[in-house]
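Right, one structure below, let's go through it.
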Amino acid sequence: MVLTHTTNHTYTHPFPTVTLAYFLRYCSPHLNPFAKHVLSTDTISSHIDPDTGRLHTTRIHLKKSRLPPAVFKLLPVSITGGNEANKASYILETSVVDMREGWMSTESRNLNFVGVLSVIEKQVYTVPKQQETQPTAGTTDVETTVVFRSRLGDKIRGRLGAAPAQQEDGANSGGFFARLGARGIQRSIESLASSKTVDQLGKSREGMGIILERLRQSGVMGVLEVVRRARERSVENA
Amino acid sequence: MSASLAPECNEVKEKYDTCFLKWYSEKYLRGAASSENNECAALFKNYQKCLGVALKQRGIDKLLDEARDDNKENDAVYLGRKYVSSTRSTRRGRSGVCPSLLALSVLAALIFAFFLTLIVMGTTVDTVKSSITV
């Protein structure tokens, strides 16, 4: 079962600035007040493809759980892995930037709880067609697609290979009430998560907007300076 | 800069992040970056040395491998289906919707059959009763 949600948005900032804001978006809660749920961010790989000149980056974020509380209440502790304190999820983010062709493509997916719910968010940032001659001026389009998939009760591992046939076999085994129940729960998890994410997409857009404004006012070094000062203050306080 | 998931790596991470953002905005975005000559490479190496240990300790390296396997699996499922033919493009929904629809219709048929038997039995009982009274 799969639920998909797609939105479009246009930032009134040039493409290079938007890509920079993307890398900066979880930089500091002082910079982005909508990023308080992000506990940590780490880069695990970053390289330029020598043939295409594209920059490939992989990062891991640790976020306070994006599984809505209602989903947690629906599930036994054996699946969710315990109490409130444990409710953080690792997010794997991969991105590719092509400055020559003027596009950036990103994908974020959760690494834990995938058996309960897998959320994959894909974004494509592009320079609008009519502006291709001067990519440093103007606006940036973004299309966001979020795919929700709950596989609760499905066999996840060990069906690589003849997957489609086996999956349908799996769906037809067991009594129908068991199957109906599992499907029903999967569907509720997907729709609960989806309605929560729609709220959150608005916030993430606002967060990007704040960073973009800062970048417009004071440039990247100015932004880094703000972050550095905020950190020093927090060290002094601690 | 936001923290690293391993507090002991915060310092090296921060140095790398600052370097990266500077390089990205001043070199890469201006088309002045090359794939070999990256001034942040040494800082990145230090950072990864620290982070690699933390990822192993927390079992995140395994989660990453699983995510990669999952990708392969999804590709096998969805790309495989795409190649089958466009006329079967509704298959993705079928595996989910059809079993429950099937179950519902079977259930409806069962209930219908039950009532039918009741009615039939009722009428037989009635005829038997009436034949007795007669």
(message) Under the √(5λ) rule applied to the eigenvalues of the Cα gyration tensor, what semi-axes describe the equivalent ellipsoid of segment A:12-67? Give them in Å, descending.
(response) 24, 17, 8
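How many partner chain Cβ atoms sit within 10 Å of a residue's Cβ in peptide A:9-22, on average, as a whole number?
If you average over the peptide's residues, the count of other-chain Cβ atoms is 1.
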(message) Show me the three semi-axes of the equivalent ellipsoid for segment A:1-43, from the C-alpha gyration tensor (sqrt of 5 times each eigenvalue), largest first, rounded to whole Å.
(response) 22, 19, 11
(message) From the C-alpha coordinates alone, can you work out the Kirkwood hydrodynamic radius of segment B:4-46, in Å?
(response) 11.0 Å
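Here, each number is a calculation from the coordinates, and none is a lab measurement. Remember, predicted model here, so these are calculated numbers, not experimental data. For neighbour counting, all protein chains shown are included, and Cβ atoms are generated from backbone atoms with ideal geometry for every residue, glycine included.
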